[in-house]
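The values are calculated or read from the model by the stated rules, or taken from the named source; none is laboratory data. Only a predicted model underlies this, so the values are computations on that prediction, with no experimental measurement involved. All Cβ positions, glycine included, derive from the backbone under ideal geometry; neighbour counts span all protein chains shown. We work out accessible area using only protein heavy atoms, side chains counted, and drop any ligands, DNA or RNA first. Shrake-Rupley method; radii C 1.70, N 1.55, O 1.52, S 1.80 Å.
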Protein chains: 6
Amino acid sequence: MPSQERVKTGVPGLDELTNGGLVPKNLMLLTGTAGTGKTTISSQFIYEGAKKYGENGVYVTFEEPVESIKSSCMNYGMDFTELEEQNKVAFVKYDPFHIEDIYELIETNIKRIDAKRVVIDSISALGLYVKETPEIRRMIFNIAFLLRRLNCTAILISEILPMQESLSRFGVEEFVTDGVIVLYYSRTGSQFSRAMTIWKMRGSSHSSKLHPYKITEKGVVVYPKEEAIIK
Amino acid sequence: MPSQERVKTGVPGLDELTNGGLVPKNLMLLTGTAGTGKTTISSQFIYEGAKKYGENGVYVTFEEPVESIKSSCMNYGMDFTELEEQNKVAFVKYDPFHIEDIYELIETNIKRIDAKRVVIDSISALGLYVKETPEIRRMIFNIAFLLRRLNCTAILISEILPMQESLSRFGVEEFVTDGVIVLYYSRTGSQFSRAMTIWKMRGSSHSSKLHPYKITEKGVVVYPKEEAIIK
Amino acid sequence: MPSQERVKTGVPGLDELTNGGLVPKNLMLLTGTAGTGKTTISSQFIYEGAKKYGENGVYVTFEEPVESIKSSCMNYGMDFTELEEQNKVAFVKYDPFHIEDIYELIETNIKRIDAKRVVIDSISALGLYVKETPEIRRMIFNIAFLLRRLNCTAILISEILPMQESLSRFGVEEFVTDGVIVLYYSRTGSQFSRAMTIWKMRGSSHSSKLHPYKITEKGVVVYPKEEAIIK
Amino acid sequence: MPSQERVKTGVPGLDELTNGGLVPKNLMLLTGTAGTGKTTISSQFIYEGAKKYGENGVYVTFEEPVESIKSSCMNYGMDFTELEEQNKVAFVKYDPFHIEDIYELIETNIKRIDAKRVVIDSISALGLYVKETPEIRRMIFNIAFLLRRLNCTAILISEILPMQESLSRFGVEEFVTDGVIVLYYSRTGSQFSRAMTIWKMRGSSHSSKLHPYKITEKGVVVYPKEEAIIK
Amino acid sequence: MPSQERVKTGVPGLDELTNGGLVPKNLMLLTGTAGTGKTTISSQFIYEGAKKYGENGVYVTFEEPVESIKSSCMNYGMDFTELEEQNKVAFVKYDPFHIEDIYELIETNIKRIDAKRVVIDSISALGLYVKETPEIRRMIFNIAFLLRRLNCTAILISEILPMQESLSRFGVEEFVTDGVIVLYYSRTGSQFSRAMTIWKMRGSSHSSKLHPYKITEKGVVVYPKEEAIIK
Amino acid sequence: MPSQERVKTGVPGLDELTNGGLVPKNLMLLTGTAGTGKTTISSQFIYEGAKKYGENGVYVTFEEPVESIKSSCMNYGMDFTELEEQNKVAFVKYDPFHIEDIYELIETNIKRIDAKRVVIDSISALGLYVKETPEIRRMIFNIAFLLRRLNCTAILISEILPMQESLSRFGVEEFVTDGVIVLYYSRTGSQFSRAMTIWKMRGSSHSSKLHPYKITEKGVVVYPKEEAIIK
């Protein structure tokens, strides 16, 4: 494949699984059960983007208060206060009752701080307000189109349930995004452990293995040279 | 992670799994099938909070009569009579037919006794009165927001069924709470046994193992140094 | 736990699993597939209560004709004729089309013969006439409250299906009763066998093993010192 | 249990599993997937009843034409022509669109030929015309009540699906009948084989094993001294 | 069983599994997932019937164009052109929107060419246009009755899904047909293979084994002396 | 089977599984979970058709923007710019809200560039806009009929979910297409791998094995001489 600039995630070890980072202007689905670190990974993507890679970022949340997300990030050493003041990062809480406004909201915020990175947390929460499954597909396509037009690379969070082997909440998200990162939390004997795989990634080769990762005091760390075994 | 004051649960052994106790102002989901001791753990949290740690507590029940819960507690040596008279503990029974009043009810009772701990027993009962799943998410977020504003740490009980491997009744509770404690009751051969894990805990490292626990004459006791095996 | 008077079930061996019998004023769920002896155990509870322990009993049935239940009991040597004439036992058939009358009916019959024991056969039949699951929870709570007020100890029968691993028909009964006894009928090779466990029992320690039982000519007999293995 | 006259089924070997035959005035559920011989067993019950045991019988079918059933019976050497002419057997086809007439129809036919045996083929077909599950329970109870009043012993056919482990089509039939005979058709390697068990039988002890049976040129034959193994 | 004329299927090896062929005037269900050769077997039944056994045949299709079926048959060396011109075979495409006309359509075509064989491809397609399951049972019974009256032997195609272990699409077809032939397509390691069993056959003994079959250049060939193993 | 001209897919190794290529005028279902390369295979079919085999092609997409598909293809070295300018390939985006127009749209585009190949991406997206399952069958038949009339060979993409073992999204697609190619993505230990099988192919013999394939820098490559093992 043609060599290409990549978007560094800022998550230690993750970019080594994807040949150097995310593909610019792609929309990646980040999928996992509760407690797998989806919000942490997404926050690192925005935080390190602004801090280290000079790319501003917008974090859109539908239900969780912005203060709650930022407070969690503090636990991993990510203090967004200054970045927000400098207009390098914008947290946006959006009320999913007016779904038709979301595109304008995203666009406005991206333009306001000239963002190159976007996180949408989560399509699962957003989708609950949508009556018909086709509308979820359409909405994701519209978001993808908008972000591409605005030259943004994005992570879309998807929440799944432990008993399912699915890649998404509604069974359509993985088909309409450019890639899928799957996070596993699995028990062997009395020990739970974490693993991650790049299930799909348009426009890039990628690891086809299962790799261990940890949620450390500094956020998520991936071990690209190790392999994980889960049930 | 930054060291932090913790909220001691008062359940012997449990705080050793969570680096010293619950994170202040967090909302923990306590999930398990019937008979796993969810109400006992929650009662210990309130009882020991008031008795031992000087933190008053409110216990909200939606269906079960207060007398019935207090009478069960007596079996584990927890007599709430005096604590109630001293306005250190308040039991509140709430009729889920008027769901919109719940926030005011919780706030009034917290303020009345200056509570720092809250138990909501259970989101599963409450959720049955809610027509749409998004409303459950929203309600939990609202409760979490309210409790955080009032500086309370809380346990939210979730009832699950034996044949499921889910973390919650409605499949959304685990995503909108700050942490999840899962209680297992599992058979090996002719013997049933109990085990517990901290599935998720925002803002804290925690054990990622499965630990045995027992329901004794003094209530629930956790064995943080032992590991459990279940099917 | 504090020592306490217990309500003897009259089922040989069963009380040894529960530290001496049922807890007074508790509502026990008795759950099993077809043919596991739920009606037989319940009849023994009423019959032996009146005959041996001086406690009168009311047996409420929703669909099955009273004559049919009494005739089955005759096969196990339980003749209720005299007990009914002496007003020590009352069989009541209740038409579930008028669900709101059930509380009055139960109360009237308990008071009429000064009953201390009640059987409700079955919540599964009754629940079919209830449109909403919350109403089943509420109904069980109301029944539990009524029986407690009238100083009665009760068994509530729940019918489950062979392919399920659930504890109840509607998935809520086990949470709103004080205890659960589960009856298993399971095949190993070409042989079916019976086993029982006390899944949950509020206010009492209890066996956490699986015990064999038989349906003999004298009714159900439990083997508390033996352990059963099922698939 | 008190010794008792039994109703001989006329199926070779079957009565040895049930201590001598069916219990008079009981309603037995006969349950199995397609091709397990439910109609054949039921026909033998009626045929041998009239031919060998001097008990007349009524065979009620809801959909299948009477001629089709009788023609199948011919293959097993059961010619009902003469028995019908002598008013010893009556085949009745009933249109399930007028479900409320069924009781009168059954009663009329039983009285007309003074029947002691009844087959209802099938509750699964009948139940499809019933809108609410409680109505199926109620209908079976009414049929059971009617047959008992008229001193008849009856077989009620239930059709189940291969992928289910259930005992009945609607999940209620097994609770409201006096007994259940389950027919299995199961594959081991490349060979399918037949097995039968008496799952439940009110008022009688019975085998709790799985026994092989065959569909021979003379109809169904059970091997009560042999045990079967299925998956 | 009484010896009887049989209807030769024309599928090599198949008649050896059923004691010589189909039972005259019976309605056989032919069930299998996509690609198991249901249409090929049915076409051989019609083709060989007309060509080799002097029995004319009607092939009814609900959706697939007649040309498409005939073109597929050409691949297996079955050219129906001449047979149609000689009025020995009739292909009929029927629009399932007017379900009530189907009986007349079938009857007219059978009488027109004096057919003895009928294929209905498929009940699964037809059933999708039927609102209520009882109507599917009723329709199959009506078709069976009609065909019997017209002295025809018939195959009724049923499409099932790979993940199911069912015998039919709607769970009723196998009970209202006279027999069931099941076609399996199953993988062991990296190799898929085909197997067939006669699940049920009214009025005839039949193999109770699983037999391999192949789809060759000449159509389906069954190996009645070999046994197949599938997962 | 009669030797026949085949339609070369242009996917290295794939035609060796199907005796030389697709059958002209057939409609093949290409089914797989997210990330299995369905769009890549389909694009190769169109690209190589126009480039190497002199057959023009139409690619119909329902949701994904044409630019997005073409941009993905660039990653595999397929630049459609020139082919579009030369009217050898047409990409068509179709709004599924007006489903009744689809036939005209397909026909117009086929005629405009005299296409011999068509890709429909995807029936799963299209089907979400259809209210009734029979309509999906009918639509696929209509498309198949149209394409056959216009002498086109086509691939129809079907998206399935990881936890299912089905061949299609709606459970009908595999019955109304001429063939099915199934793509698997499966994990053994910590390694995911890809495999493919030809499940069904009307009018042609085909491999009945599972073969490995890879998504390389040049697009999909199949290894027809190797066998794959998946869970």
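Please pick out the residue among C:133, C:188 that is within 30 Å of residue D:226 (Cα to Cα) and open to solvent by 10 Å² or more (accessible area, probe 1.4 Å).
C:188
So residue F:53 fits all but one of (1) farther than 29 Å from residue A:139 by Cα; (2) touching a strand residue (DSSP E or B) at 6+ places or on another chain (Cβ under 7 Å); what number is the exception?
Going through the list (1) farther than 29 Å from residue A:139 by Cα; (2) touching a strand residue (DSSP E or B) at 6+ places or on another chain (Cβ under 7 Å), residue F:53 breaks only (2).
Please count how many residues of segment F:162-194 are charged (D, E, K, R), away from chain E (no Cβ under 12 Å) and over 19 Å from the mean Cα position of the chain (by Cα).
Qualifying residue count, segment F:162-194: 1.
State the number of residues belonging to segment E:61-78 that are part of a helix (DSSP H, G or I) and more than 8 Å from every other protein chain (Cβ to nearest Cβ).
Total meeting the criteria: 5.
Kindly provide the set of residues from segment F:90-108 that are in a helix (DSSP H, G or I), modelled with pLDDT of 95 or more and out of contact with any Leu (no Cβ under 7 Å at 6 or more places or on another chain), ordered by number.
Correct list: F:108 only.
For residue B:150, work out the one condition from (1) under 24 Å from residue A:169 (Cα atoms); (2) out of contact with any Gly (no Cβ under 8 Å at 6 or more places or on another chain) it doesn't fulfil.
Failed condition: (1).
Quick one: which of D:34, D:50 is touching a helix residue (DSSP H, G or I) at 6+ places or on another chain (Cβ under 9 Å) and more than 14 Å from every other protein chain (Cβ to nearest Cβ)?
D:50
Take the residues in segment D:94-113 that are open to solvent by 10 Å² or more (accessible area, probe 1.4 Å) and under 19 Å from the mean Cα position of the chain (by Cα); name whichever of them is farthest from the other protein chains (Cβ to nearest Cβ).
D:109
Let me spell it out: the conditions are (1) within 12 Å of chain C (Cβ to nearest Cβ); (2) at pLDDT 90 or above, and residue B:82 meets all of them except one. Which number is the exception?
(1)
Scan segment F:114-126 residue by residue and report those that are within 14 Å of chain A (Cβ to nearest Cβ) and open to solvent by 10 Å² or more (accessible area, probe 1.4 Å).
Matches in segment F:114-126: F:121 only.
What number of residues in segment E:80-89 are out of contact with any Ser or Thr (no Cβ under 9 Å at 6 or more places or on another chain) and assigned to a loop (DSSP other than H, G, I, E, B)?
Final tally of qualifying residues: 3.
Where the second residue is open to solvent by less than 20 Å² (accessible area, probe 1.4 Å) and at pLDDT below 95 and the first is among the acidic types (Asp, Glu) and lies in segment C:60-77, which pairs have Cβ atoms under 7 Å and are six or more apart or on separate chains?
Hits for this filter: C:63/C:125; C:63/D:137; C:63/D:176.
What number of residues within segment B:1-60 satisfy the criterion of being more than 30 Å from residue C:182 (Cα to Cα), assigned to a helix (DSSP H, G or I), open to solvent by less than 50 Å² (accessible area, probe 1.4 Å) and charged (D, E, K, R)?
2
Residue by residue through segment E:136-148, note down the ones that are farther than 15 Å from residue E:178 by Cα and open to solvent by 10 Å² or more (accessible area, probe 1.4 Å).
Residues satisfying the conditions do not exist here.
Determine which single condition residue C:26 fails, assuming it passes every other condition in (1) under 21 Å from residue C:144 (Cα atoms); (2) in contact with a Cys (Cβ under 9 Å, 6 or more places away or on another chain).
(2)
For segment A:162-192, what are the residues that are among the hydrophobic types (A, V, I, L, M, F, W, C) and touching a residue at least 40 places away in the same chain (Cβ under 8 Å)?
The answer is A:167, A:170, A:180, A:181, A:182, A:183.
Does residue D:66 meet the test of being open to solvent by 20 Å² or more (accessible area, probe 1.4 Å) and either touching a strand residue (DSSP E or B) at 6+ places or on another chain (Cβ under 8 Å) or among the small types (Gly, Ala, Ser) (or both)?
Answer is yes for this residue.
From the residues in segment E:196-230 that are charged (D, E, K, R) and facing chain D (nearest Cβ under 7 Å), which one is least open to solvent (accessible area, probe 1.4 Å)?
Among those residues, the one meeting the criterion is E:200.
I need every pair where a residue in segment C:1-17 that is at pLDDT below 95 has its Cβ under 8 Å from the Cβ of a residue that is of a type in the set (Phe, Trp, Tyr), sequence separation at least 6 or different chains.
Cβ pairs passing all conditions: C:1/B:76.
Quick one: residue B:41 ticks every box in (1) in contact with a helix residue (DSSP H, G or I) (Cβ under 6 Å, 6 or more places away or on another chain); (2) at pLDDT 95 or above except a single one, so which number is it?
Among (1) in contact with a helix residue (DSSP H, G or I) (Cβ under 6 Å, 6 or more places away or on another chain); (2) at pLDDT 95 or above, the lone unmet condition for residue B:41 is (1).
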